[in-house]
Amino acid sequence: MSTLLRDPPDLDSGAGGGIVARRAVFRWGWRLFRREWRQQLLVLGLLTLTVAATVWGAGVVSNVQLPNPNYATYGTAAAKATLSGTDPHLAADIASIQRRWGPADVIEHRSIATGTTRSVQLRAENPHGHFNAPLIGLVSGAYPAGPGQVALTSQVASRYGVHVGGSWRAAGATWRVTGIVQDPSNLSDEFALAAPGQLRHPSQVIMLLGPAAARQASNGDATLPGAPAAQLALQNANVSGFPQATLILVVEVLGLALIGLVSVASFSVMAQRRLRALGMLSAIGATERNLRLVMIVDGLAVGVAGALAGAAAGLAAWFAYVPTLQRATGHVVHAANLPWWAFAVGVVFAIATSVLASRRPARTMAAVPVVTALSGRPAPPKAVHRSALPGVIVFAFGLACLAFTGGLAGPPGGGDGKPPLALLGGLVGTIAGIILLAPLAISVLAAGAHPRLPVAIRIALRDLVRYRARSGPALAATTFAVFLATVICLVGSERTANPLSPAGPNLSASQLVVTAGSSPAPGMMNQLTGAEEASLSSRLNSLAASLHAGSAVPLESAATLSQAGTPQHDNFTGVVYVATSRLLATYGIKVSQIAAHTDVLTARSGLAGLAHMEMIWTTHQYPGQSEPGDGSGPSCTPGNDCLASPAMQTISNLPSGTSAPNTLITEHAVRKYHLQTHLNGWLIQAPAPLTARQIRAARQVVLAYQAPLEVASGGTDFAEIADIGTAVGILIALGVLAASVGLIRSETARDLRTLTATGASTSTRRTITAATAAAVGLLGAVLGMAFALVASLVWAHGGLSALFGAVPLADVFILLLGLPLVAAAGGWLFTGRKPPAVARQPIE
């Protein structure tokens, strides 16, 4: 008797077996994904967070600027004509312009003094005009429709304590408030809106015009035919800066690079976990193509789940962040104004990146011999020196592209798209170079495993080298996170590094500065009489006493500072006051702290070290030059009322606000050079932040004198950007470290079982994990900072002192030392659980 045995089917045959095999592999891959979702939870979480950050970042980048920077001035108009309110033929000129160059929006202006440095504009215009839609928005109530009606911005309503339905007295009349309005393109704009024709004596009339008038201006004519009194201005068509699409692509490139690095490390470990199962599948006839398909299906499932969850989380974070972004940017941000194309591209690219990241370990595992795979031993690591030369070439290419961009010297211009493309190419090249070069540093750990080190540390370092197919991408991801944090820290610090024109808040919340002059209209400043100064000083002293601030400190000025050869818009900003004894005492500065022969005291870091500084107190006018010291004017000598290179001393006790008395001329310099001082204003330094009620009371004091009052405006402190960037970089790096170390140590679970069986204690297991995390963290911090310093130096087009002079050392030490220490502490605290008994790894 004989039995007929059928040959096993070919899993990759062309007669239908290929489809059956692929269906079986798809089902198995999907089943493994469902069974191993706990093992892949950390990977899915990191992918979700990275995609969410990319989606949120694209939304922020697309809304941080106005769609058209000209909206704040021109609305949607192409040009504007300005007429003076004193024009004797004002009505005729308006009618002539409307008839010949219409349609047009007529906006009548009149400034109202408020007792602050900002006046309120009373405007009469049609809120439903042809071009003014970006300039007017209704928040609540209704627009004014008749005589005696007005709508106020929220700032004006709060300042005068009125509400919708109440009365507001201004411009010699009483108005009924019908609604609250805003300027969507400039939320800090304070104005009152009246119906058209309700302003009988405007100080200025602005007419927004269409393309016909713009063509007239483009021909070189600054006036309109038939209206010679009108000054014609054309909106700026060459707006510098990066195109919005380029910035969005930069954000997506950075996000996808991190996704790819995390995915490569994750799928490498997943493939090693399934090595015996893949070997079993290969033993029953599966081809390398089938084995690769298993990992690709897993990558597809992880990518789809992470991308969709990340997109949902990113959208939720974006909608929650819109109010904060609106306050920070100063213009209305519509939550639905999103780059949906960028979201779609980001989700598709995230899935594609996850699939591509799974192909690399898939090819590696498919090439492992069947016997080796069934044994579960990892394949020997490949030599990494082969990526050294490509890494150097790609990184050099990225640096060359960064050098071609504008850098700190100015935003890219030209309008041909080359500088933005160069920036994008530089980022891609630099990131690719980091990915190729960072894993080479893993080999350094082999030399670091000195026999005198504790055995747990030697095991950790050798495991990183042994499993460098996983530890390499983990180190690259950590390096990339530190690279981003360092770049943000450098750029944010550089923004505040210019001591001539520092950025940041104008005053602290406990300071008031009153200017000794009257400002009846914007741009106008009249001198107060002696009696008015004495009366205002007395009232300010009473105000200071009520605020428990002692008395108002007079602010005197005598000279100015400038740097020879520097453009006016980049030169010294702010007022240089006299270091009177009362002012120094206000900030606890003793005369003994001031070095002899010091001319200038300053709180601006770096100002004392600048070259070509000049102190000028001239009141003369020189032919062709208003001040000495310039190349075309007289030389800077005391005889020409100018002192070259005055002796400066940095005093940290002085306030740091841009409008605060942060730079002072010493009384020694006043006496030595016989300077004439004059009262510039008064300073009130309260012991606590001022309330809205106290600020309103101070405004009422100075309103009778029309003296400008300046309070804290809440300007952006760019120094915080460096700290935020450092914190975000550390969080990203710690997340990547947690995932990477967890995956690497899970791969060595069998080794931990063996160590436990031989008597290894909990302390030994904790030390192994802590040393693994610390080694990757330290290498990533050093490499990330090194790559960032080189790339920033090339991009900045400047010297080391210009770029790195204001970098906070605290952030540097946090990145360089804090990251590995926190990683080691986390590895020590969250590990140490005794593994299960020594057992054979099951075939899944």
Near the amide H of ASN126, under 5 Å away, which other amide H atoms are found, from residues 5 or more places off or on another chain, if H is placed in the peptide plane?
VAL106
Rounded to one decimal in nm, the spacing of the 7 Å Cα→Cβ label points at LEU816 and HIS597 is 3.6 nm
May I ask you to evaluate 6.51 cos²θ - 1.76 cosθ + 1.60, the Karplus curve with θ = phi - 60°, for each residue of the range 598-613 and list the ³J(HN,Hα) values in order in whole Hz, giving x for glycine and proline?
7, 9, 9, 10, 8, 9, 7, 5, x, 5, 5, x, 6, 8, 6, 7
Using alpha carbon coordinates only, what is the Rg to Rh ratio of the range 49-100, with Rh defined as the Kirkwood radius?
1.41
Yeah, the range 43-190 with a ≥ b ≥ c from its alpha-carbon gyration tensor (a/c under 1.5 is rounded, else prolate when a/b outruns b/c, oblate otherwise) is oblate
So, R0 is 41 Å and r is the distance between the beta-carbons of ALA825 and ILE393; what FRET efficiency does that work out to, to 0.05?
0.60
How long are the three semi-axes of the equivalent ellipsoid of the range 577-620, in whole Å, if each is the root of 5 times an eigenvalue of the C-alpha gyration tensor, listed from largest down?
21, 15, 10
Between ALA585 and SER761, 0.36 nm times their residue separation minus their Cα-Cα distance comes to what?
57.1 nm
Return the long-range amide H neighbours of ALA192 (sequence gap of 5 or more, or a different chain), with a cut-off of under 5 Å between placed amide H atoms.
GLN121, LEU122, ARG123
Take each of the peptides 308-316, 327-335, 660-668, 550-558, average the number of other beta-carbon atoms within 10 Å over its residues, and list them starting from the highest.
660-668, 550-558, 308-316, 327-335
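Rule-based calculations on the coordinates, nothing more; no lab input. Model, not experiment: these values are computed from the prediction. We place every Cβ from the backbone using ideal geometry, glycine too, and count neighbours over all the protein chains shown.
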